[in-house]
1. By how many nm would the segment from A:Asn5 to A:Leu598 grow when fully extended, if each residue of separation counts as 0.36 nm and the alpha-carbon distance is taken off?
2. Between the helical axis of B:141-151 and the dominant principal axis of chain B, each derived from Cα atoms, what acute angle in degrees is found, rounded to the nearest 10?
3. To the nearest 500 deg cm²/dmol, what mean residue ellipticity at 222 nm is calculated for chain B from DSSP H runs of n ≥ 4 alone, each contributing -39,500 (n - 2.57), summed and divided by the residues?
4. Using 1/(1 + (r/R0)^6) with R0 = 60 angstrom and r between the beta carbons of A:Gln125 and A:Asn94, what's the FRET efficiency to the nearest 0.05?
5. Over the stretch B:127-264, average the accessible area per residue using a 1.4 Å probe and give it in Å², no decimals.
6. Over the Cα atoms, compute the radius of gyration (one decimal) and Dmax (the largest Cα-Cα distance, rounded to a whole number) for the stretch B:127-264, in Å.
7. Run the accessible area of the stretch B:175-276 with a 1.4 Å probe and give the carbon-and-sulfur part as a rounded percent.
8. A:Glu519 versus A:Glu175, label points 7 Å from Cα toward the beta carbon: distance in nm?
Amino acid sequence: MEAYNTFFGLDSRIVVWIIAQIHLLFAAFVLAVPVFALSVEAIGVKSGDKRMDDLAHELTKLLSSAFSMTAATGGILGFSLFCLYPEFMRYMTNVFNEGMFIYALCFIGEGFCLYFYYYSWDRTQNNKALHIGIGGLLNLFGVTLMMIGNSWTSFMMSPSGIDQETGEFVGTVWEATTNFLWQPLNIHRFIANIVFGGFIVGAYAAVKFMGCKTKEEKAHYDWMGYIGNFVGIGAMIPLPFAGYFLGREVYSASPVMGNIMMGGRFSWTFIVQAILIGILFLGANYYLWAGMERIKGSERYTKYIKYLNGIIVFCFAVWLTPHNLPLTGEERSLIGEQYHIISKYFGVMAAKNAVVNLMILTTFFSFLLYRRSNKFKTVPFTQQQGSGKFIALFVALAFTLFMTVGYGFSILGAHVDVEVKPYLSFISICLFIQAVALIGAVVLTISNKGLIGQWLLFASTAIMAVLIMGIYGFVLMKNANMALRFLSVTQVAMVITCLIMNAVIDAVYYSKAETSEIEWGKMHYRSQFALILLCVLMVMTMGLMGYVRSGLRENWHIYAVLKDTSPWSFTPTLFNMTWVVGLVMVIFFALTSMVFWLSSLTGKKDEAEAH
Amino acid sequence: MQKKRINFFWVTIISFVIVYLFFKFGTPFIFKGIKGGDNLIPLPGTGLLMYTMLLILAIFTYISFSAKKFEEFYGPIVRFLRDGNRAAYWIVMIITPLVIGFGVFSWTKPKSVSPTGIRIQHPGLPGSLGTVENPLRHPSPEDIEKFRGEENLGSMGEEEVKLAMIEKYTNEGRALYQANCHPCHGCAADGNGPQADGFRLRPVNFTDPGAIATVVETYVFWRVKEGNPSLPPESTPWDSAMPAWKYDYSDEQIWKIAMAAYDIAHAMPRMPEEVH
């Protein structure tokens with residue numbers, strides 16, 4: 001038996017690569033959009049807003065054709081793997097045997113739920129509990145499918161259940177499934193898929209928006225684009241953290257793989273990724289700023305936008321600066337040392353963590369400005385009725401205090417060398433100060449000074465999580481590397497507590513405020529192109545990171561267990577990667593347009609019947 | 001129309017030029033100020049390109065996010081093209097393509113500069129070393145007892161004996177370091193040894209937080225043992241003067257040197273994250 005075959009003499013690896021990536025994109029689509037639709041539906045039921053229900057329904061309409069796309073590309077992927085890489089697949093089927101059947105059964109389950117969820121929409125209007133229940137089941141199947149699929153890829157990176165002496169697989173399916181990188185990959189993929197779902201919806205709305213004729217339609221799609229973008233950025237905020245976690249775990253799984261990733265051959269892919277993510281953040285903010293135009297009263301805040309823009313671009317610049325800047329020989333000799341000053345300070349993790357947090361804070365700030373654009377006179381807290389406000393504030397406070405103080409103590413109790421201890425106490429003191437700021441913000445809110453409370457929190461977070469810890473990161477890199485991982489978690493914890501608390505304060509502070517109408521549909525087309533761009537960038541990022549994740553194994557099918565002896569086991573160059581990912585993108589968008597078009601056919605029929 | 005205020009279009013263009021000039025001619029003074037020394041340190045061409053692109057992106061975002069700003073920027077151009085002064089119109093129409101053409105020409109014309117290269121300072125550790133750890137940091141109980149006997153440490157606790165062992169090894173490594181590495185990497189491991197200025201690719205400054213502090217100890221072991229010949233092409237071994245020490249020293253001695261390098265630089269090796 002041949003270990004490898006070809007498909008009409010093509011490069012088998014590229015064939016599998018392209019098919020796998022397209023399949024993955026559709027799978028992400030059918031994972032994320034149901035999560036999205038279900039949440040929107042649930043919010044609609046809770047708030048009684050019919051618009052929400054319609055939106056959820058419209059999104060589900062996209063799913064049925066996307067689902068068959070996923071199945072079809074999955075089938076092709078399966079065939080191509082079995083045909084082109086028979087020996088590797090034999091190994092995998094031996095290891096995962098029953099797991100693959102469970103996968104297939106889940107797929108049937110998902111298909112059933114999906115179609116039930118979609119076709120029973122009108123019938124179950126009076127029985128929303130059933131409908132939402134089925135939606136929940138649909139998502140459960142979806143997530144399970146993703147996790148099973150992930151276990152295969154993560155097994156290839158960090159195999160488990162292997163006899164160290166012989167290299168034979170001796171474990172159970174469960175051992176193979178719960179391999180070391182499985183959970184980090186699950187978390188990262190799940191969050192990224194939600195971002196993707198948000199931006200796909202945004203792009204869909206943008207395309208529709210630019211094609212619609214009536215004012216009502218325009219308003220509808222404008223609003224839909226806004227929701228899509230909102231979900232996209234919302235989920236993007238924890239994403240850098242999930243990515244950091246995954247990267248760290250790759251490093252633990254194998255320092256060799258970790259080194260190839262961050263320092264070696266793949267380090268430049270992270271610069272490309274930085275470009276993409278930077279533009280994602282900028283684009284999402286751009287869309288928010290442009291959206292302020294639909295609101296009367298936003299003039300009060302537009303003057304701040306130039307500063308926000310400046311901060312984000314500055315962060316972008318730091319985020320982008322590589323540690324090994326390409327230099328000419330002359331430049332190298334003028335610089336007179338290994339690294340240029342900008343690389344030395346901006347090119348390392350400490351700086352990157354700081355600016356990413358600042359970028360997240362700034363994006364959140366943009367969002368708050370957007371939110372308050374249509375709010376005017378507020379009702380002081382003490383004059384508001386009801387206990388809901390207190391409950392919200394105290395739940396948020398309890399949660400954020402638990403995060404900061406709890407983490408602070410766990411750092412103090414960490415088992416580390418004595419020399420590292422003092423550095424850790426400093427970090428935990430910052431966390432305790434943040435806890436005090438959180439309490440202060442709540443107290444200020446209760447005494448009718450919610451805005452000052454928000455500022456206090458923003459200031460303490462920016463000063464500590466970005467400025468102080470950014471600088472402290474360099475100190476730690478030099479003296480106590482061990483403590484760095486605590487530092488980056490601390491930064492994120494601070495930023496997240498700030499986001500949660502400030503969002504709650506905002507909701508409370510403005511809850512009874514006078515508001516002006518938002519004129520949905522009053523948007524320029526440039527903003528719609530931004531929405532489309534966000535989706536395109538997301539697809540590119542997924543393609544790029546797919547290359548990295550898979551390429552890290554270098555010439556192994558299954559890292560350190562099964563060698564890739566085919567002629568295609570080399571690492572494709574960045575240049576080749578851009579071609580393949582570009583091609584994948586074109587095919588994916590062509591197919592997606594088809595999906596959108598197919599779903600618009602049923603829409604037309606519905607309308608025709610209604611008339 | 002008010003004539004006094006200069007319009008938004010020109011404000012944008014002028015701000016762009018000012019910031020660009022600052023990048024190009026201002027930053028070298030700042031870099032020199034930070035680093036000391038007497039020559040100006042330019043912002044490398046790639047950096048300049050990157051930041052200029054970002055600057056353009058920032059400007060574009062700013063002028064286009066609102067309809068009003070967009071019109072303020074775009075309006076003067078349209079008005080000028082439609083019914084501006086005819087003479088000025090023709091001057092712009094002729095000069096613009098010439099400037100662009102000249103730009104393209106000077107960008108692409110063959111020049112005598114050395115090519116821009118990416119150099120990867122920390123290429124991947126060879127797979128065979130993936131699971132290797134410094135044996136001296138994990139002595140076996142027999143080694144510990146042997147050391148206790150040799151050094152007459154009596155009933156000292158096991159942990160303390162281990163620390164004493166590490167201290168002894170580090171001291172031995174220090175001697176080897178000062179004898180062999182100091183000419184290039186400097187006696188304080190700051191990359192300023194007496195010979196350092198002689199190399200275009202300078203010996204690494206180990207006190208730099210981005211240097212050996214970001215890699216595991218095994219990595220330093222590998223670099224010291226194998227030197228420049230084993231670097232992969234992306235790390236331009238031909239530029240590097242780092243010798244291979246495996247001909248002169250045993251593995252154990254090299255581990256000691258690695259420990260000493262960290263110690264002298266007051267840095268700690270990167271710990272592989274724990275596998276749970």
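The values are calculated or read from the model by the stated rules, or taken from the named source; none is laboratory data. Predicted model only: the values in this text are computed from it and were never measured. Backbone-built Cβ (ideal geometry, glycine too); neighbour counts: all protein chains shown. Side chains included, ligands, DNA and RNA excluded: accessible areas come from the protein's heavy atoms. Shrake-Rupley method; radii C 1.70, N 1.55, O 1.52, S 1.80 Å.
1. Full-extension gain reported as 209.9 nm.
2. The angle comes out at about 70 degrees.
3. -17000 deg cm²/dmol
4. Once the sixth-power term is evaluated, E becomes 0.75.
5. Computed with neighbouring chains in place, this is 48 Å² per residue.
6. In Å, with Rg to one decimal and Dmax whole: 16.4, 53.
7. About 55 percent, which is the carbon plus sulfur part of the accessible surface.
8. Roughly 6.8 nm, to one decimal.
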